[in-house]
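**Q** My questions all concern the structure below.
The values are calculated or read from the model by the stated rules, or taken from the named source; none is laboratory data. This is a predicted model, so every value here is computed, not measured. Virtual Cβ from ideal backbone geometry, glycine too; neighbours counted across all protein chains shown. Just so you know, the surface numbers come from the protein's heavy atoms only, side chains and all, with ligands and any DNA or RNA stripped out. Shrake-Rupley method; radii C 1.70, N 1.55, O 1.52, S 1.80 Å.
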Amino acid sequence: MGFGDAQPAVDAFTALTKAYNEALRNPAATSPTAFNEYVAGQAKNAYDASLADEKAQGRAFRGTPPANRLIVKSSDVTTTVPTVTLENCVLLSTTHPWTEYTLATGKAVPTSAPVNVSPPYPTTIKMFKPTAAGWVATSFTTDPTKTCTR
C-alpha cells in the first residue's frame, strides 16, 4: 500500500519503530542514538525516557513487537517545513506476544492495572521534516478510551 507524497514520513516512522523495538530487546546495551535520528521534541524525550526507565528497572522485551498499521490523517509536504500526521493502529501478536520481563528473574512484568478498553489503542503521530536530513516524529498521543478497529 503506497502513501503517496507521505511515503518518506511513513518510512521514517517505520524505521523508528523497528530501531526502538530492537533497543527494547536489550536496553542495557543500547543507546538512544539507535533511534534518535527519527525523533525530536516531545517524542525524543518520551522515547529516551522510556529506554532509560527500562534500563534502570532491569527490564527488557521479548516476543513479536506489535506490527504497524498506519494511515495518513493529513499531509502537507509542500510547505517550508513539511508535515504529516499519521495514525497507527498496531496489530498485536497472538502467538508470541510482545512481553516486558525482568532480566534478573526472566519473569514477565505483571500488568499494572485492569483496563476498561482492550488494546490496541489508536496513536496519532506528528511527523515533520525540519531539514534536508529527513523526517522526524515530534509528538504522539495515544487514546486509551477506544480500541482500534482496523
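**Q** Quickly estimate the mean residue ellipticity at 222 nm for the chain, helices only: each DSSP H run with n ≥ 4 gives -39500 (n - 2.57), and the total goes over all residues, rounded to 500.
**A** Value at 222 nm, helices only: -8000 deg cm²/dmol.
**Q** Cut-off under 15 Å on the C-alpha distance; same-chain residues fewer than 8 positions from Lys146 excluded. Which aspartates and glutamates are left, in chain and number order?
**A** List returned: Glu87.
**Q** May I pose another question? Given Cα pairs under 8 Å that are at least 6 residues apart, what percent is the relative contact order of the chain?
**A** After rounding, I find 24 percent.
**Q** With r defined as the distance between the Cβ atoms of Thr105 and Asp48 and R0 fixed at 22 Å, what FRET efficiency is calculated, to the nearest 0.05?
**A** Working from the Cβ atoms, E equals 0.25.
**Q** Quick check on packing: order 43-52, 115-124 by the mean number of other C-beta atoms within 10 Å, highest mean leading.
**A** Ranking the peptides 43-52, 115-124 by packing returns 43-52, 115-124.
**Q** OK, next. Can you list residues from other chains, or at least 5 along the same chain, whose modelled amide H is less than 5 Å from the amide H of Arg69?
**A** Cys89, Val90, Leu91
**Q** What is the calculated FRET efficiency for Arg62 to Thr131, with r their C-beta to C-beta distance and R₀ = 41 Å, to the nearest 0.05?
**A** Calculated transfer efficiency: 0.70.
**Q** Check which residues have an amide H placed less than 5 Å from Val39's amide H, if you skip close sequence neighbours.
**A** Those lying under 5 Å, H to H, from Val39 are Ala137.
**Q** May I pose another question? Hey, can you grab everything whose amide H is under 5 Å from the amide H of Leu103? Only 5+ residues off in sequence or another chain; H modelled, so Pro and N-termini drop out.
**A** Amide H neighbours of Leu103, under 5 Å, 5+ apart: Arg59, Ala60.
**Q** Checking the cross-link filter: which aspartates and glutamates have an alpha carbon closer than 13 Å to that of Lys55, excluding same-chain neighbours under 8 positions apart?
**A** Glu100
**Q** If you don't mind, there's one more thing I want to ask. Rounded to the nearest percent, how much of the accessible area of the stretch 13-60 (1.4 Å probe, protein heavy atoms only) is carbon and sulfur?
**A** Working: 1170 of 2310 Å².
After summing per-atom areas, the C and S share lands at 51 percent.
**Q** Within the stretch 24-125, list the GluC sites (Glu not before Pro) lying in a DSSP loop whose Cβ has at most 15 other Cβ atoms in a 10 Å radius.
**A** none
**Q** Tell me the per residue accessible area of the chain using a 1.4 Å probe; a whole number in Å² is fine.
**A** Value returned for the chain: 57 Å² of accessible area per residue.
**Q** Note down the relative contact order for the stretch 61-144 as a percent, whole number, built from C-alpha pairs under 8 angstrom at least six residues apart.
**A** 28 percent
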